[in-house]
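Notes follow once the structure below has been shown.
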Number of protein chains: 2
Amino acid sequence: MSQSRIGILHPGNMGVSVAASFKTAGNEVLWASDGRSEATRQRAQDAGLNDAVTVRALCETCSIIVSVCPPHAARDVASEVLGYGFNGHYVDANAISPQIAVSLDVLFASAGGSFVDGGIIGGPAWTSGNTWLYLSGSTAAEIASILAGGALGVACIGEVPGKASALKMCYAAYSKGTTALLAAILAAATHYGVREELEDQWAQDDPDFSEQTLARIRRVTAKAWRYIGEMQEISATFQAAGVPGEFHLAAAEIYRRMDGLEQRSELPSLEEILLRLIQP
Amino acid sequence: MSQSRIGILHPGNMGVSVAASFKTAGNEVLWASDGRSEATRQRAQDAGLNDAVTVRALCETCSIIVSVCPPHAARDVASEVLGYGFNGHYVDANAISPQIAVSLDVLFASAGGSFVDGGIIGGPAWTSGNTWLYLSGSTAAEIASILAGGALGVACIGEVPGKASALKMCYAAYSKGTTALLAAILAAATHYGVREELEDQWAQDDPDFSEQTLARIRRVTAKAWRYIGEMQEISATFQAAGVPGEFHLAAAEIYRRMDGLEQRSELPSLEEILLRLIQP
């Protein structure tokens, strides 16, 4: 394998696993420590990433930059990289609408670089077969062959930018959309005093459903702050396709009401979560 | 068992199964043929229901009236019965919001009768253990003991009107809400050219998910016209509880776009359905 120099923005929980997978695939992976937290520094160090210190230096050193950040930050990260005159391959692996991906493609092309649209499905990629990075764009096949080989499954799904983001949006629309819907349902059931009866009825269909649902809602509070933007992106994705976007506006509002609950040492109780979801 | 005289409005596919169950429980069940279709007449006859001909005569003859109709017609059916001075037990078994149930409770009480809030969960009640009628209200326990005994499971869940409707709303919010959501997702995936990739990704989580989803969306077209109102009721139910109601406004719109597809001899193809869901 020929080694590429890849910059990762930024090595958060997901990003560092992706970076480690690129290293396993035979590449050198760098990050930029300037302004990042101590937790991020520790993660980057543990994964053996090289520190370019600044994003500017990262852009000057690397032929490929991969952006892994919350959706609401995706455009700012891309702008910063464009601002440094980066003209290599820019991979946006974030949960953004295909419309934003297409607009980034235009911007990177006019700067003389290439844009690769990406979407990650699954949790942090520490074991094979659980996490996928889908890529689309004019150079997606070439980039996929460089990034593939580690625990992260990498697949090119076409030459059209936006496809990888659309796939990510459609997948998350169900997984994260239904978690928000179930939280809203349990909040309403609590309000009307029928939560126990509802859980009994669900048990008629599937004995494990209630317990799994309760655990799912408690777990999601840790990531709710990041899902607000993702739900808004899904809503925009649906609306641009001529499909009703309100499902995920409601989901965004549910995650907004959960925001802040992640600041605990333990997961909050279901009762505390449901109480927050009811806002007359 | 002591026999009660029960009027059913109306013996549609669900209503006739409910009526048959009340008969099995030892009651006499009547219907009103005036203005109803030949299909309804045939169903009522096959189930051995007695014909009171008019709704007025039904109200004069029966001590219990049970309303089983599409949600958008529930208030009209109740108004008609109130208009005939009915002062027995009126059971609304429809998919209406608890707020409407409470308002009907007030109206029947001022007319000197009693209102029992009801909600049916499951399909037509031809076999035991698959369909439940939940009841709540001041006389719900008494009425439950009269109606129970056939294939339809009947349970009183309290004395407060609105609880049975709330339970029905919360249950349908997931079952019918997710069917609409999945239809919207597949429509968006089709628009962006990633339907095959999405189905492959779903298969990673559950090999049967795509096939079941496709069958579920095709099947629901037969009932979509009736689900429009039900989704609007759920949205109102959520909003009155201080929970975001937009999930089911979107679901109502999805079912509205499916409306009309039931007029076929065969279920429409998925492609035809998805094409209808995309309306730029």
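The values are calculated or read from the model by the stated rules, or taken from the named source; none is laboratory data. Since the structure is predicted, the reported quantities are computational estimates derived from the model, not experimental observations. Methodologically, a virtual Cβ is constructed for each residue, glycine included, from the backbone with ideal geometry; neighbour enumeration extends over all protein chains shown.
Each row is one residue, and each column tells you yes or no for (1) within 13 Å of chain A (Cβ to nearest Cβ); (2) closer than 25 Å to A:Ala184 by Cβ; (3) of a type in the set (Ser, Thr, Tyr).
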| position | (1), (2), (3) |
| --- | --- |
| B:Asp200 | yes, no, no |
| B:Asp206 | yes, yes, no |
| B:Ala222 | no, no, no |
| B:Glu233 | yes, yes, no |
| B:Ala240 | yes, yes, no |
| B:Leu249 | yes, yes, no |
| B:Ile254 | yes, yes, no |
| B:Glu271 | no, no, no |
Q: Just give me the residues in the range B:240-280 being of a type in the set (S, T, N, Q) and in contact with a helix residue (DSSP H, G or I) (Cβ under 7 Å, 6 or more places away or on another chain), in sequence order.
A: B:Gln279
Q) Within the range A:148-155, is even one residue at the interface with another protein chain (Cβ under 9 Å from one of its Cβ atoms) and crowded, with 24+ Cβ neighbours inside 10 Å? A) no
Q. Any idea which of A:Ser210, A:Ser145 is more than 10 Å from chain B (Cβ to nearest Cβ), surrounded by fewer than 22 Cβ atoms within 10 Å (Cβ to Cβ) and touching a Phe, Trp or Tyr at 6+ places or on another chain (Cβ under 6 Å)?
A. A:Ser210
Q. Which of the residues that make up the range B:129-139 are within 20 Å of B:Pro71 (Cβ to Cβ) and touching a residue at least 24 places away in the same chain (Cβ under 8 Å)?
A. B:Thr131, B:Leu133, B:Tyr134, B:Leu135, B:Ser136, B:Gly137
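With the structure loaded, tell me whether B:Gly7 is outside any helix (DSSP H, G or I) and not hydrophobic (A, V, I, L, M, F, W, C) or whether it fails that test. Please lay out each step first, then the result.
Numbers: outside any helix (DSSP H, G or I): yes; not hydrophobic (A, V, I, L, M, F, W, C): yes.
It is true that B:Gly7 is outside any helix (DSSP H, G or I) and not hydrophobic (A, V, I, L, M, F, W, C).
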Q | Among (1) among the small types (Gly, Ala, Ser); (2) closer than 25 Å to A:Ala164 by Cα; (3) at pLDDT below 95 - the single one A:Ser265 does not satisfy | A | (2)
Q) When the range A:88-128 is examined, which residues are found to be out of contact with any strand residue (DSSP E or B) (no Cβ under 7 Å at 6 or more places or on another chain), over 23 Å from A:Tyr171 (Cβ atoms) and touching a residue at least 24 places away in the same chain (Cβ under 8 Å)? A) A:Leu107, A:Ala111, A:Gly112
Q | When residues of the range B:49-72 are limited to those that are among the aliphatic types (A, V, I, L, M) and without any contact (Cβ under 8 Å) to a residue 40 or more places away in the chain, the one nearest to B:Gly112 (Cα to Cα) | A | B:Ala57
Q: Check off (1) in contact with a Gly (Cβ under 8 Å, 6 or more places away or on another chain); (2) closer than 17 Å to A:Leu152 by Cα for A:Phe115 and give me the number that stays unchecked.
A: (2)
(Q) Quick check on the range A:218-253: of everything there that is of a type in the set (A, V, I, L, M) and more than 18 Å from the chain's Cα centre (by Cα), which residue is nearest to A:Glu196 (Cα to Cα)? (A) A:Ala250
Q: Mind listing just one residue for me: the one in the range A:78-102 that is in contact with a Leu (Cβ under 9 Å, 6 or more places away or on another chain) and hydroxyl-bearing (Ser, Thr, Tyr) and, of those, surrounded by the fewest Cβ atoms within 10 Å (Cβ to Cβ)?
A: A:Ser79
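Looking at A:Asp46, A:Asp105, which one is buried (at least 19 other Cβ atoms within 10 Å of the Cβ) and of a type in the set (Asp, Glu)?
Of A:Asp46, A:Asp105, the one residue that is buried (at least 19 other Cβ atoms within 10 Å of the Cβ) and of a type in the set (Asp, Glu) is A:Asp105.
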(Q) If I go through the range A:130-139 residue by residue, how many of them are closer than 22 Å to A:Ser97 by Cβ and in a loop (DSSP other than H, G, I, E, B)? (A) 4
Q: State which residue is surrounded by the fewest Cβ atoms within 10 Å (Cβ to Cβ) when the search covers only the range A:20-40 and only residues that are free of Cβ contacts under 8 Å to residues at least 40 places away in the same chain and among the aliphatic types (A, V, I, L, M).
A: A:Ala39
